[in-house]
Amino acid sequence: PTTALTADPHTPVVELASHVAVLDYADEESVVQTRFATTALALLRAHLEADGALPPGVRLLTDAAHDAERALADPLPAAALAAGQLTFLGTGWTYGLAQEAALKLREAAQSWTEAYPAMEYRHGPISITGPGRIAWAFGPLPTGLAADVSAVGGTLVADSQVGSESAALDPMADLVRAQRLAVARAEAAGHDPDRPRNLTRSVILGGPASA
């Protein structure tokens, strides 16, 4: 059995999949998908929550939605707006968020970004960090990572360091901040964040190059 998540009820996958969840309210015109990405993740979290199967440390979806309002309103980190390079880090399920954040920055803003599991960062990838470069961590930080970033001259962005544990943004809400950063950096560089170069809304295998 195959389950498909789609924002387009007319896509061929609707006929090919065994089960389909149509999230057409999350469809968007932008080539760079942000709303659909977070909506699909929210759906998966809601199912885990309904089944009582949320992994340890993952908060309720209502908490994430509340934090998303903060993520939309809070100022973006000034250092991240001006950084020459950004490395996104995550642990467990938040590593997927790190990959998504790096992808959106590359697509929308043509920024130099990378993504790694936080525990692997010090085993090689930290060599890219330095003055004018950012390490952005989703969720709790491994012990000693903040000091290591500081020691090489980099700037750490980690909401989990702000205030108490209850004050930290849900990692999925922190992804919204990264999405906002992609738009801000794209516009500052004179790029259209909705229509990046070399990208189309869908990739059609075997179709014309312009598809």
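Values computed for the structure shown
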item: Ranked order, Tyr25, Tyr116, Tyr121 - accessible area, probe 1.4 Å, largest first; result: Tyr25, Tyr116, Tyr121
item: Carbon/sulfur fraction of accessible area - the chain, other protein chains in place, 1.4 Å, %; result: 57 percent
item: Estimated distance in nm for a label pair at Leu72 and Glu29, the labels positioned 7 Å out from Cα along Cα-to-Cβ; result: 1.9 nm
item: Estimated 222 nm signal from helices in the chain, with DSSP H stretches of n ≥ 4 weighted -39500 (n - 2.57), rounded to 500; result: -11500 deg cm²/dmol
item: Nearest-0.05 FRET efficiency for Asp192 and Ile128, computed from C-beta distance (R0 22 Å); result: 0.20
item: Mean projected area (nm²) of the alpha-carbon convex hull when region 26-126 is viewed from all directions; result: 7.7 nm²
item: Net charge over other residues, Cβ less than 14 angstrom from the Cβ of Pro9 (K, R count +1; D, E count -1); result: -4
item: Accessible solvent surface per residue of region 78-189, calculated while the other protein chains remain in place, 1.4 angstrom probe, Å²; result: 41 Å²
item: Cα gyration tensor shape for region 1-73, rounded if a/c is under 1.5, else prolate or oblate; result: oblate
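The values are calculated or read from the model by the stated rules, or taken from the named source; none is laboratory data. For clarity, every value in this text was computed on a predicted model and none was experimentally measured. Methodologically, a virtual Cβ is constructed for each residue, glycine included, from the backbone with ideal geometry; neighbour enumeration extends over all protein chains shown. Heads up: the accessible areas ignore ligands, DNA and RNA and are worked out on the full protein's heavy atoms, side chains in. Shrake-Rupley method; radii C 1.70, N 1.55, O 1.52, S 1.80 Å.
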